[in-house]
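Here is the structure we will look at.
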Amino acid sequence: QVQLVESGGGLVQEGGSLTLSCVASGSASDADNMDWYVNNMGWYRQAPGKQRELVARFIGDVANYIDSVKGRFNISRDNAKNTVYLQMNSLKAEDTAVYYCTQGDPWTDFGFWGQGTQVTVSS
């Protein structure tokens, strides 16, 4: 069982920046696997009235982004801290959503969700 705790959400004006952080933790039996867990973490978001969508994720050493955030968002990680970050620049009103940290495929029994952090971009 992996626990994911997000932080860094808030209110920002259009054109501004925010950085989200997500710290992963697990039981003692997970300790040897934490690098793998961190190397397969990502971020989803859910805007009001919309479906939850994948924003960015690591699959090993490869980072993937949805088209709408390419060039504006950057996902990074610090394995020593079991932490994944989402640097969000040039924010737009349509980026307003609850952002969820994930590990693995969160839609399966083998993946995990964080509790979510609200990002609100004012126009």
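Rolling a 1.4 Å probe over the heavy atoms of the protein chains gives the chain an accessible area of 52 Å² per residue. For the chain, the Cα gyration tensor yields ellipsoid semi-axes of 25, 14, 13 Å (square root of five times each eigenvalue, largest first, whole Å). Between Lys70 and Gln118, the simple label model (points 7 Å from Cα in the Cβ direction) yields a spacing of 3.2 nm.
Tell me the net charge near Thr83. Cut-off is 14 Å between Cβ atoms, Thr83 excluded, with +1 for each Lys or Arg and -1 for each Asp or Glu.
Details: positive: Arg77, Lys81; negative: Glu6, Asp35, Asp78.
Surrounding charge for Thr83 is -1.
Just to be sure I understand: of the beta bridges DSSP finds with both ends in the chain, what percent are antiparallel, rounded to 5? In the chain, approximately 90 percent of DSSP beta bridges are antiparallel ones. Let me check I've understood the local charge: for Thr108, count other residues with C-beta under 15 angstrom from its C-beta, Lys and Arg +1, Asp and Glu -1. What total comes out? Value of the local net charge: 0.
Distance between the pseudo-spin-label points of Asp105 and Trp36 (7 Å out from Cα toward the beta carbon): 1.6 nm.
At the residue level, Asp105 shows approximately 80 square angstrom of accessible surface with a 1.4 angstrom probe and all protein chains present.
Accessible surface for Val69 stands near 0 Å², nearest 10, in the context of the full protein assembly shown (1.4 Å probe).
The values are calculated or read from the model by the stated rules, or taken from the named source; none is laboratory data. All values derive from a computational prediction rather than experimental measurement. Cβ coordinates were reconstructed from backbone atoms using ideal geometry, including for glycine residues, and neighbour counts include every protein chain displayed. Heads up: the accessible areas ignore ligands, DNA and RNA and are worked out on the full protein's heavy atoms, side chains in. Shrake-Rupley method; radii C 1.70, N 1.55, O 1.52, S 1.80 Å.
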